[in-house]
Amino acid sequence: MSAFSRHSPNKSASRLDMRSSQRLPTMMARVERALKKLYGQYLLSRASRIVLGGVPQELSGWSVTNRDVLDVTVREDFARYWEPGTRKAFFAEHVWEHLEEWQAIRANANCFEFLKPGGRLRLAVPDGLHPEALYIENVRPGGTGAGAEDHKVLYTYRTLLAGLSRVGFDVELLEYWDEAGSFHCRQWSDHGGRVNRSSRFDRRNVISPLSYTSLIVDAVKPA
């Protein structure tokens, strides 16, 4: 018994050391994730050009967010990072159609408040006046296209313009279809945000021109 008692504490200590060493990588991983999150929040707080909702590729000079980082419908999320009237640009490609109308009104107002005078919000959404029936079927709320099951609104240039003007924006139409089935496009720079699903950049248009376009606007906060 004395020999057993003499060696038992060493065995217990050994088991504790083993458990601690097994937990250490998990603890270190948690610390690393927490530090990365804090660093990301710090970088976002200093960013002047912000992508809302994420994009399929990196955009030089832009900070990319998603809903976990910034919910465009929640003013407190904006205020967590910035003072009102301080950001240069926001950009969202195919995000607003996932918002209910009342949510879009809040998102418009939040972007307007936190942009500096002369700042821009570039939006691209599916175009409800596109003349091809297959396009409309793919992008309408509850449609058959990828992600359409979560679409809430199918905008036209009139409805998108009205919602943005309501909160104070001056709106520039960059690409859109009208009621007569005519396509309108003005020169626009990638500097305000590169829209991949556009007449310029969507690869589907190489085979069939204008088969996939977006309704694209720049909403400008008056100086």
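Every number in this text was worked out from the coordinates using simple rules, so none of it is lab data. Since we're looking at a predicted model, the values are computed, not measured. Note that we place each Cβ from the backbone using ideal geometry, even for glycine, and neighbour counts take in every protein chain shown.
Indicate the gyration tensor shape class of the range 72-223 (rounded, prolate or oblate), computed on the Cα atoms with a ≥ b ≥ c the square roots of the eigenvalues: a/c under 1.5 is rounded; otherwise a/b larger than b/c is prolate and the rest oblate. It would help to have the intermediate numbers written out before the result.
Details: a/c = 1.98, a/b = 1.55, b/c = 1.28.
Since a/c reaches 1.5 and a/b is larger than b/c, the shape of the range 72-223 is classed as prolate.
Tabulate in residue order the Karplus-calculated ³J(HN,Hα) for the range 214-221, using 6.51 cos²θ - 1.76 cosθ + 1.60 with θ = phi - 60°, rounded to whole Hz; enter x for Gly and Pro.
10, 7, 10, 9, 10, 9, 10, 7
What is the Cα centroid distance between the range 142-183 and the range 195-223, reported in whole angstrom?
12 Å
Distance in nm between label sites at ALA133 and ASP68, each 7 Å beyond Cα in the beta-carbon direction?
4.2 nm
What is the spin-label model distance, in nm, from ARG203 to ASP170 if the labels are put 7 Å beyond Cα along the C-beta direction?
3.9 nm
How long is the gain from THR144 to ARG30 if the chain were fully straight, where each residue apart is worth 0.36 nm and the alpha carbon distance is subtracted? Please report the intermediate quantities before stating the final value.
Working: separation 114, 0.36 × 114 = 41.04 nm, distance 3.99 nm.
Gain on stretching THR144 to ARG30: 37.0 nm.
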